[in-house]
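Read through the structure below, which is laid out as structure tokens, and then see the notes.
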Amino acid sequence: MSLRVAIAVLLLAAASAYGQAPLRTPTLLTPAPIDLSGVWTPYRGGRGADPSLNPPPPGPIVLKPQYAKPYEDRRAAEDAAVKRGEPLATAAVSCVPYGMPRMMAVALYPMEVIQTPRQITIITEAFSEVRRVFLNQPQLPIDEVPPGYYGHSVGRWDGDTLVVDTVGIKESVLSYQMLPHSSQMRITERIRLRTPDMLHDQITIDDPVVLEKPIVYTLAYRRMPNYKMVEFVCENNREYVDEKGAVRMRVREK
Amino acid sequence: MARTLRPSARRLAALVLCLTAVAPAAAHHSFAMFDTAKRVTLVGTVTAFEWTNPHVYIELDVPGEKGAVKHWSVELGSPSILMQAGWKFSDVKVGDALTAVINPLRNGEAGGLLTQVTLKDGRVLGNGPGRGGAQ
């Protein structure tokens, strides 16, 4: 067999194999009961709002004693610094993203939900943060998830409610209300449409190392039907931290 | 080993922080460096308008009483937040004359947080919905 023929045979075999490449094994996907896709913005109620759509008030924060005092001291120091007009630095001042769970409520920044049969993707506008919720998959053991800002999230439908389980949040990523947390933190979300244009996300944070009992709070969002998400690249951050740890704004000479 | 706290220790451990009706949102930075009790009105000429994140900035040359020009840096919200309040990236151009009302920096430097601006065409814009600034 000449070299030319051999190459032709190989190419034909490769093309044939490519053509017959097995498709992804079809799986039976449970149809999603609702579609959460769309752009949502934090809902704060206000004048004329229907009070029955407001989320329930957040539950108490109860820390283990060894974490309570340092946290209380830090909050007191922050309050005092604010009163002096010299607020203390946070990671966000340096354009470091919020991560979970704080990214779910950043001022009035919208978030986009993209729902597909196997995955729900949540993109928040502030800092362009992205979460991926893998549907109908078992959660990984915490120790097998590389610690990160968004961890590993799996979701399943419980009736009309999407239940999302998240683990693997890096300990340096502060939790709700700037709380500390351990590697054992688990975040459970129950996300549902309160009305066709109102989304509620009940968030439960459990951390057997840091918390005496789980923290439960609910975020509300209203739909923004025609909103186009805008980019957010933190390119012009003029806030800086001075030698005392206070946040300052850099002014220009001209 | 699980440790059971005495009731008194439990009381000490309890930090009941959330008495607000709504779970608080995160913020990029506190605005405490600005003196929100003070308002300074700047009438000047734009030397730069930076439509950027995390904040938009207006750089302004403001003539003084004796002809000396003082330069001010004015912080606004982010593009996203400003757009929700009716702003466009092209609303301000270098050379525009405008009037900005700001909360000045507490440290006395020539900078501040915008509360309201009157543009060249007479439109009056704020600094985003429900806030003094972005994030």
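Among the numbered conditions (1) within 11 Å of chain A (Cβ to nearest Cβ); (2) modelled with pLDDT of 95 or more; (3) within 30 Å of A:Pro42 (Cα to Cα), the only one that B:Gln84 does not meet is (2).
Considering region A:90-100, and only residues there that are facing chain B (nearest Cβ under 8 Å) and at pLDDT below 85, the residue that is surrounded by the most Cβ atoms within 10 Å (Cβ to Cβ) turns out to be A:Ala92. Here A:Asp197 fulfils each of the conditions (1) within 12 Å of another protein chain (Cβ to nearest Cβ); (2) more than 30 Å from B:Asp61 (Cα to Cα); (3) surrounded by fewer than 16 Cβ atoms within 10 Å (Cβ to Cβ) apart from (1). Being touching a Gly at 6+ places or on another chain (Cβ under 6 Å), assigned to a strand (DSSP E or B), away from chain B (no Cβ under 14 Å) and farther than 30 Å from B:Gly108 by Cβ is a property that A:Thr121 lacks. Can A:Leu36 be described as modelled with pLDDT of 55 or more, part of a loop (DSSP other than H, G, I, E, B) and among the aliphatic types (A, V, I, L, M)? So A:Leu36 fits the description; yes.
Of the candidates A:Glu189, A:Glu212, the single residue that is of a type in the set (Asp, Glu), farther than 19 Å from A:Ile120 by Cβ, surrounded by 15 or more Cβ atoms within 10 Å (Cβ to Cβ) and touching a strand residue (DSSP E or B) at 6+ places or on another chain (Cβ under 8 Å) is A:Glu212.
When restricted to residues that are more than 8 Å from chain B (Cβ to nearest Cβ), loosely packed, with under 15 Cβ neighbours inside 10 Å and either without any contact (Cβ under 8 Å) to a residue 24 or more places away in the chain or farther than 22 Å from A:Met111 by Cα (or both), region A:43-67 contains 8. Taking the criterion of being assigned to a strand (DSSP E or B) and either free of Cβ contacts under 8 Å to residues at least 12 places away in the same chain or of a type outside the set (A, V, I, L, M, F, W, C) (or both), the residues of region A:216-241 that qualify are A:Tyr217, A:Thr218, A:Tyr221, A:Arg222, A:Arg223, A:Glu239, A:Tyr240.
The values are calculated or read from the model by the stated rules, or taken from the named source; none is laboratory data. Note that this is a predicted model, so its numbers are computed, not measured. Note that each Cβ is placed from the backbone with ideal geometry, even for glycine, and that neighbours are counted across all protein chains shown.
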